[in-house]
Amino acid sequence: MSKNILVLTGSPRKGGNSDLLADAFVAGAKRAGNTVTKYTTADKNIKGCTACNACFSKGTACVFHDDFNELATLVEKAEMIVFATPLYWFSFPAQLKAAIDKFYSFFVAKRELKIAQCVLLVCGEDDKESSFAGLVKSYELVANYLNWKDAGQIIVTSVNEKSDIIKTDALQRAEKLGEGIS
Ligand SMILES: Cc1cc2nc3c(=O)[nH]c(=O)nc-3n(C[C@H](O)[C@H](O)[C@H](O)COP(=O)(O)O)c2cc1C
């Protein structure tokens, strides 16, 4: 059975390493017959959560005029969520983190999500996989808390310049991971 997959990207660099990683996954997942939406959080105006706890009280997920409201409708349709991101300061980039923070709205409004599975695609300059541990742990704790089953992680070390990732096997691995989703 095909899935509705939402790919959230975290980098502002078009054609950058994590963007290519996302595209490779998307290509594989589409070939396998899934419906895939790629959402570039860095192009959006998603502000940090203010903890006003008024989520969904005025019809939209966030009571402020915030692009999270368009994202929230995509999140509510998704069966799988994919995070495709660079490592920023051992963690998620602020643009993507702001979007993740606003998942709080579903929790406040007790709205159940259909998401059952998740994937992590992450890259960074550091040559040690241990430097990605903070982000990976956050991803795993969120997944565990929301009952999402981890369907795969691709951690790409030692990529920094825009097309560095092409020199690795990560794009092939991401495409294969996408292809295996059904
Ligand atoms: C603000 C900022 C913070 C970064 N912090 C880290 C870091 O903590 N560890 C690391 O390995 N790379 C770090 N990097 C490098 C990026 O993760 C790396 O260049 C990555 O390949 C960029 O992916 P992109 O092309 O998808 O933007 C940082 C880059 C920026 C711009």
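Laboratory data are not the source of any read-out in this text; all were calculated from the coordinates shown. Quick caveat: nothing in here was measured; it's all calculated off a predicted structure. Ideal geometry is used to build each Cβ from the backbone, glycine not excepted, and the neighbour counts take in all protein chains shown.
Relative to the longest principal axis of the Cα atoms of the chain, the long axis of helix 133-145 makes an angle of roughly 40 degrees.
Counting alpha carbon pairs within less than 8 Å and at least 6 residues apart, what relative contact order, in whole percent, applies to the chain? Walk me through the numbers on the way to the answer.
On the way: 360 pairs, mean separation 60.3, N = 182.
About 33 percent, as a whole number.
Assuming R0 = 45 Å, can you tell me the calculated FRET efficiency for the pair K149 and H65, based on Cβ-Cβ distance, to the nearest 0.05? For K149 and H65, the calculated efficiency is 0.85. Cβ-to-Cβ counts within 10 Å put T41, T73 in ascending order as T73, T41, the fewest first. The alpha-carbon of K167 sits under 17 angstrom from the alpha-carbons of these aspartates and glutamates, leaving out residues fewer than 8 places away in its chain: D19, D23, E125, D126, D127, E175.
Here the calculated FRET efficiency for W89 and S2, from their Cβ-Cβ distance with R0 = 35 Å, stands at 0.45, rounded to the nearest 0.05. From its DSSP helices (H runs of at least four residues, each -39,500 (n - 2.57)), the chain gives a residue-normalised ellipticity at 222 nm of -10000 deg cm²/dmol. Once you reduce the stretch 112-163 and the stretch 69-90 to the center of their Cα atoms, the two points are 12 Å from each other.
To check you understand DSSP bridge types, tell me what percent of the beta bridges within the stretch 4-179 (both residues inside) are antiparallel, rounded to 5. Display every interim value, and only then the final one.
On the way: 1 of 25 bridges.
Around 5 percent of the beta bridges assigned by DSSP in the stretch 4-179 are antiparallel ones.
In the structure shown, the pairs K47/K102; K30/K97; K3/K114; K77/K97; K14/K149 are assessed against 18 Å; a Cα-Cα span above that value is assigned to K30/K97; K77/K97; K14/K149. Helix 68-77 and the longest principal axis of the Cα set of the chain meet at an angle near 80°. Applying both filters, DSSP loop and at most 16 other Cβ atoms within 10 Å, to the trypsin sites (Lys or Arg not before Pro) of the stretch 74-148 gives K110, R111, K114, K128. Most tightly packed first, judged by the mean number of other beta-carbon atoms within 10 Å of their residues, the peptides 21-29, 44-52 read 21-29, 44-52. Dimensions of the stretch 4-179 based on its C-alpha atoms, expressed as ranges along the principal axes with the largest first, amount to 49, 35, 28 Å.
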